[in-house]
Amino acid sequence: MPRTEYPLLSPSLGSQKTLVGFHYGTPGARPKVYIQASLHAEELPGMLVAHHLREQLQAAEQAGRLRGEVVLVPAANPIGLAQRVNHKAAGRFEFDTAQNFNRHYPDLAAAVRDEALPRLGADAAANVATVRELVGRWLRQWQPASELESLRRQLLLLSHDADLVLDLHCDMEAVLHLYSEDSCWAPFEPLARLLGCQAVLLAHESGGGPFDERLSGLWWQLAAALRAAGSQAPLPQGCASTTVELRGEADVGHAHAGDDARAIVQFLEHVGALACTTPPSLPPMACEPTPLSGSQTLHTGAPGVLVFLARPGDRVAVGDVVAEVIDPTAAGHARVHEVRAEVAGVLYATVRERYVVTGGEIGKIAGAMPFRTGDLLGA
Ligand SMILES: [Zn+2]
């Protein structure tokens, strides 16, 4: 179980941050599973899950159960972890650029397309190996211009050749849910069962260049480019990636983290990364997958004190009052502004603050009918 330190580009005199990765199993063994936590640095449940996973993976390795390769990065954003304002963590956007730490990853399909297409032939496995090699080469020649770019490059260097990628996040207050691309749902359905996901949000492409979608999008985008060029060369989905939202920011405790780590270990057994005597039994799905384009983000039309009438995990119908926004200074009867559901489905996440400004987000409902277009992720 080597522990490896990866230095990031120094942004300033006397300052250099380091990313730490743990490597289990034999490099090159398949499947390779890459797991990282807390890319949004104030989202800490995944970091605690990583702590529990380390114990279990080390025990599995000592017992000779590692069949594939597992790379674990427990704290994927040392830059954001060090950012604080007014005594509060501020790890979602980089201070220097205001960029979201989980956007603006390079378009890997565009980076290798011209070189890859003429080299892909009739052998699907050889095609997968070729694309991985080209992406690895492109990443190694990429000269990052900033500390933030060097973080993105290092995370992609560790993950680009993985068969499966789990990016562990959380929402503000939420039930356990996950995001993935349509092309990755089949491999992750067992994970959603094991974790007990109460919402699954699938998209063809969310937009904005998030970490997970650059890794999985590479494959279906190259496959589409092959078809557009009239090529019959087979190119399977060489990497399936998902963003797992481990409930809310305050849901950091050993009970949840232990359960989630065990579910991930069972998933590793299910996919053959860990040997096991009896395959884990998969519980039934706790929800139906819904399109990310059908997820309604609730906004308030008035400022005030936010009082929820529904909580994450509740099913709501169209017209249900999800929350009241109360202005105790208003004259007459204008004191209570109701925020109602416009789609039916599970209220899967809400904000944590209890004061909201006009137009502010207050929560998200997983509706079954697509209605949104364009970039589907929030800020
Ligand atoms: Zn996040």
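Using the alpha-carbon atoms, what tilt in degrees (0 to 90, nearest 10) does helix 147-159 show relative to the longest principal axis of the chain?
In the chain, helix 147-159 runs at an angle near 60 degrees to the longest axis.
With both bridge residues required to lie in the range 3-287, what share of the DSSP beta bridges run antiparallel, to the nearest 5%?
Around 45 percent antiparallel, to the nearest 5.
Which translational diffusion coefficient, to the nearest whole µm²/s, is obtained for the range 291-367 from the Stokes-Einstein equation, given a Kirkwood hydrodynamic radius over C-alpha pairs, 37 °C and 0.692 mPa s?
Stokes-Einstein gives a translational diffusion coefficient of 265 µm²/s.
Hey, what do the phi angles of the range 256-266 turn into as Karplus ³J(HN,Hα) couplings, whole Hz, using 6.51/-1.76/1.60 and θ = phi - 60°, x for Gly and Pro?
Calculated HN-Hα couplings, in order: 4, 5, x, 4, 5, 5, 4, 4, 5, 4, 5 Hz.
Would you please give the residues with an amide H less than 5 Å from that of residue 340, counting only those at least 5 places away or on a separate chain, with H modeled from the backbone geometry?
Those lying under 5 Å, H to H, from residue 340 are 322.
Using the alpha-carbon atoms, what tilt in degrees (0 to 90, nearest 10) does helix 185-195 show relative to the longest principal axis of the chain?
The angle comes out at about 60 degrees.
If you take the Cα Rg of the range 212-254 and divide it by 2.2 N^0.38 Å, with N the number of residues, what do you get?
1.82
Excluding residue 345 itself, calculate the net charge of residues whose Cβ lies under 12 Å from the Cβ of residue 345, where each Lys or Arg counts +1 and each Asp or Glu counts -1.
So the surrounding residues net to -2.
At a 10 angstrom cut-off on C-beta neighbours, averaged per residue, how do the peptides 260-266, 97-103 rank from highest to lowest?
Result, highest mean Cβ count within 10 Å first: 260-266, 97-103.
With angles folded into 0 to 90 degrees, how steeply does helix 124-141 sit against the dominant principal axis of the chain? Use alpha carbons for both and round to 10.
80
When we measure straight from the Cα of residue 364, which lysines land under 27 angstrom away, once same-chain ones fewer than 8 places off are left out?
Leaving aside lysines fewer than 8 places away in the same chain, those within reach of residue 364 are 88.
Set the Förster distance to 25 Å, then compute FRET efficiency between residue 255 and residue 285 from the Cβ-Cβ distance, nearest 0.05.
In this case the efficiency is close to 0.65.
Can you work out ³J(HN,Hα) from phi for every residue in the range 113-123, in order, using Karplus 6.51 cos²θ - 1.76 cosθ + 1.60 and θ = phi - 60°, giving whole Hz and x for Gly and Pro?
Those phi angles translate into 4, 5, 7, 6, 3, x, 8, 8, x, 7, 9 Hz.
Helix-derived [θ] at 222 nm for the chain: sum -39500 (n - 2.57) over DSSP H runs of at least 4, divide by residue count, nearest 500?
-9000 deg cm²/dmol
Please work out the FRET efficiency for the pair residue 331 and residue 353, using the Cβ-Cβ distance as r and a Förster radius of 30 Å; give the result to the nearest 0.05.
With a Förster radius of 30 Å, E is 0.75.
Relative to the Cα centre, what is the charge dipole magnitude of the range 3-287, using +1 at the beta carbon of each Lys and Arg, -1 at the beta carbon of each Asp and Glu, and rounding to the nearest 20 debye?
With Lys and Arg at +1 and Asp and Glu at -1, about 580 debye.
Going toward the positive end of the dipole of the range 291-367, with +1 on Lys and Arg Cβ and -1 on Asp and Glu Cβ, which of 356, 304, 292 do you reach last?
292
Placing +1 at every Lys and Arg Cβ and -1 at every Asp and Glu Cβ, with all other atoms neutral, what dipole size does the range 263-379 have around its Cα centre, in debye to the nearest 20?
Using Cβ point charges on Lys, Arg, Asp and Glu, the range 263-379 gives about 100 debye.
Sorted from largest to smallest, which semi-axis lengths in Å does the alpha carbon gyration tensor of the range 158-313 give for its equivalent ellipsoid, taking the root of 5 times each eigenvalue?
Over the Cα atoms of the range 158-313, the semi-axes work out to 29, 23, 13 Å.
Just to be sure I understand: if I project the alpha-carbon convex hull of the range 61-112 onto a plane and average over all orientations, what area do I get in nm²?
If I average the Cα hull's projected area over directions, I get 6.8 nm².
Radius of gyration and Dmax for the chain's Cα atoms, expressed in Å?
21.5, 74
List the residues whose amide H sits under 5 Å from the amide H of residue 197, counting only those 5 or more places along or on another chain, with H placed 1.01 Å from N in the peptide plane.
The list, which skips near neighbours in sequence, is 286.
Apply the Karplus curve 6.51 cos²θ - 1.76 cosθ + 1.60, θ = phi - 60°, to the phi angles in the range 248-253 and return the couplings in whole Hz, x for Gly and Pro.
My calculation for the range 248-253 gives x, 4, 8, 7, 10, x Hz in order.
In whole Å, what is the distance between the alpha-carbon centres of the range 100-174 and the range 339-379?
30
For the chain, with every protein chain kept in place, what is the accessible area per residue (1.4 Å probe, Å²)?
43
The values are calculated or read from the model by the stated rules, or taken from the named source; none is laboratory data. Only a predicted model underlies this, so the values are computations on that prediction, with no experimental measurement involved. Ideal geometry is used to build each Cβ from the backbone, glycine not excepted, and the neighbour counts take in all protein chains shown. Ligands, DNA and RNA are excluded from the accessible area calculation, which covers all protein heavy atoms including side chains. Shrake-Rupley method; radii C 1.70, N 1.55, O 1.52, S 1.80 Å.
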